[in-house]
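Structure, as structure tokens:
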Amino acid sequence: MKIKVLDKESIDKVYTISDAIQANKDAFAIYSKGASDIPLRTNIDVKEYNGQSLYMPGYAKDAHALGVKIVSVYPDNINKGIPSVPSTMVLIDDETGQVIALLDGTYLTQVRTGAVAGAATDVLARKDSKVFTIFGAGGQAEGQVAAVLDVRDIEKVYVCDLDKVRSQEFADSMSKKHGIPFIVAEDSAKAVRESDIITCVTTTRRPLFNPEDVKAGTHINGIGSYTPEMQEINSETIKNADGVYVDTRDGVLNEAGDFIIPIEKGIFDENIITGELGEVINKTAPGRFSDDQITVFKSTGSAVLDVVNARRIYDKAVSLGEGPEISL
């Protein structure tokens, strides 16, 4: 049995952000029409070593995409000089059940997570959007920026992060890379008031901006929060939005504090959700129909994104002869 090994460099050689955005659109469409089997992730505590081991299996029939992403969360690894959140994607041939590839799961997650916002922005944001604000300048931020800039002709980007040094370094790097102004926001409320698109990619437990600062026509991506305690988007922002969309209902209603907290408080219920993004793509749920609408998209991630992107990467790597193989 031959297994292709694809690290970050190999993936970068064959796979573009546009490829990932299209793969995510296809993955969401497959999921929302019921053509996939995506259990909720399994989380095993390894208390002896202050660690957690997470398993995200999935199968997307129409994409011939089968596999499992293994993610470990070991905070103490920092003291050992090794990654604290190592991840590996195991891709399986859906016809034979054999393992056909091992991919850098950490980088795969960065690529597909950035592309999630790109897919949602392309489907839901105004076509004439020009000003973009990103909350969070950490490891996921570059992919988020690349995806939004891939689908809209952005002219200015505001960067909002508690770490001002990191913010400036990120802004300088992105401005040089993309050739447009990236400005560290001294006043995040002012940045929000100017923005056509807002992406949140943080782990905060307190909402990042006030609903009254969001102008008509804005599209908001909530990408960072993934536990019941985290909340990036104010409850009233969601309640007052003209369209509220999610990657998967199961994931968001079970994992996202942005929805769990206000639902528990009775601010709104799960019927606030207009549709899954895949339902909009499949035309079974309404999308944006006016330039004045405020739209909100919330993602917690799903294994359907991992398996579909992994399969697309593998197929391109095979066609281009990229990546070494090992035999077992």
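Here are a few things to note about the model shown:
- Whichever residue in segment 104-131 is in a helix (DSSP H, G or I) and touching a strand residue (DSSP E or B) at 6+ places or on another chain (Cβ under 7 Å) and, among such residues, is most open to solvent (accessible area, probe 1.4 Å): Thr106
- Test: Val184 is of a type in the set (Val, Ile, Thr), out of contact with any Pro (no Cβ under 7 Å at 6 or more places or on another chain) and over 22 Å from Val246 (Cβ atoms): yes
- Hey, Lys177 modelled with pLDDT of 95 or more and either open to solvent by 80 Å² or more (accessible area, probe 1.4 Å) or not β-branched (Val, Ile, Thr) (or both) or not: yes
- Residue count, segment 187-215 (criterion: open to solvent by 60 Å² or more (accessible area, probe 1.4 Å) and farther than 24 Å from Asn254 by Cα): 6
- Identification of strands (runs of 3 or more DSSP E) wholly contained in segment 144-212 with 1 or more residues that are more than 18 Å from the chain's Cα centre (by Cα) yields 156-160, 182-184.
- Picking from residues in segment 40-61 that are open to solvent by 80 Å² or more (accessible area, probe 1.4 Å) and not in a strand (DSSP E or B), the one that is modelled with the lowest pLDDT is Leu40.
- Whichever residue in segment 132-160 is out of contact with any Leu (no Cβ under 6 Å at 6 or more places or on another chain), closer than 17 Å to Thr204 by Cβ and touching a residue at least 40 places away in the same chain (Cβ under 8 Å) and, among such residues, is most open to solvent (accessible area, probe 1.4 Å): Gln140
- Meets criteria (within 21 Å of Val201 (Cβ to Cβ), modelled with pLDDT of 95 or more and of a type in the set (D, E, K, R)) for Asp292: no
The values are calculated or read from the model by the stated rules, or taken from the named source; none is laboratory data. These numbers were taken from a predicted model, which means no experiment stands behind them. No Cβ is skipped: glycine too gets one built from the backbone with ideal geometry, and neighbour counts run over all protein chains shown. Ligands, DNA and RNA are stripped out before the accessible areas are found, and what is left, the full protein with its side chains, is counted by its heavy atoms. Shrake-Rupley method; radii C 1.70, N 1.55, O 1.52, S 1.80 Å.
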